[in-house]
Amino acid sequence: MQIYYFTRSGRSQKIAGELAARYGVQAEQIKDGKDWQGIGGYIKACYVAIKGQSLPGVYKIPGEDSPIALVFPIWAGTFPPVVRQFISAVGRERIICIPTSGGSKLKDRGGFSKVIDLVGANIAAPAEL
């Protein structure tokens, strides 16, 4: 199992860390070099997500030998731009998609190995992948 995550607030990083500890692997961060912090970052994040934009990311290239658990926040009902690019590069069929959200579920669910929505204020890593 490979664990990858993108985070804006640290919540998805926490979930990825819990999963990595359980599976005895390192959680790998996906970075985009943008500052999404604060209310201005939140508004900008929603705008680029709604537009369906992709951004190049910096991350360790996943090995081809095992599934990938991908933890990320939902932005305006969809993927953050760097997550969209990662999914395109890796391929949906290899990914166990674990979107985190305060109150909604991911809309674009097709083609993933599995989708596990983590919704609510107090979320924890899923018991099983």
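Since every read-out is calculated from the coordinates, none of them should be taken as a lab result. Bear in mind the structure is a predicted one, so any value in this text is a computation, not a measurement. Quick reminder, even Gly has a Cβ in these numbers, built from the backbone with ideal geometry, and neighbours come from all protein chains shown.
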Separation in nanometres of the label points that stand 7 Å from Cα toward Cβ, at Arg92 and Lys44: 3.0 nm
Label point 7 Å beyond Cα of Val58 along Cβ direction - residues of the range 1-24 with amide nitrogen under 16 Å: 5-7
With N residues in the range 61-105, what two-decimal value do you get for its Cα radius of gyration over 2.2 N^0.38 Å? 1.18
One finds the C-alpha centres of the range 64-129 and the range 1-62 to be spaced, in Å, by 10 Å
Against the 2.2 N^0.38 Å scaling, with N counting residues, where does the chain land? I'd like the Cα-based Rg ratio to two decimal places. 0.96
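Add +1 for every Lys or Arg and -1 for every Asp or Glu among the other residues with Cβ under 15 Å from the Cβ of Ile43, and state the total.
On the way: positive: Arg8, Lys34, Lys44, Lys51; negative: Asp35.
Neighbour charge sum, excluding Ile43 itself: +3.
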Would you mind calculating the relative contact order of the chain from Cα pairs under 8 angstrom and at least 6 residues apart, reporting the percent as a whole number? 24 percent
Can you spot the aspartates and glutamates whose alpha carbon is less than 14 Å from Lys105's alpha carbon? Ignore those fewer than 8 places along the same chain. Asp117
Between Lys34 and Arg109, 0.36 nm times their residue separation minus their Cα-Cα distance comes to what? 24.4 nm
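In nm, what is the difference between 0.36 nm times the number of residues separating Ala127 and Lys51 and their Cα-Cα distance? Each step should come with its number before you reach the end.
On the way: separation 76, 0.36 × 76 = 27.36 nm, distance 3.38 nm.
The span from Ala127 to Lys51 would gain 24.0 nm if fully extended.
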Reachable aspartates and glutamates, given that their alpha-carbon falls under 20 Å from the alpha-carbon of Lys51 and they are not under 8 places away in the same chain: Asp32, Asp35, Asp108
Per residue of the chain, what 222 nm ellipticity follows from adding -39500 (n - 2.57) for every DSSP H run with n ≥ 4, rounded to the nearest 500? -8500 deg cm²/dmol
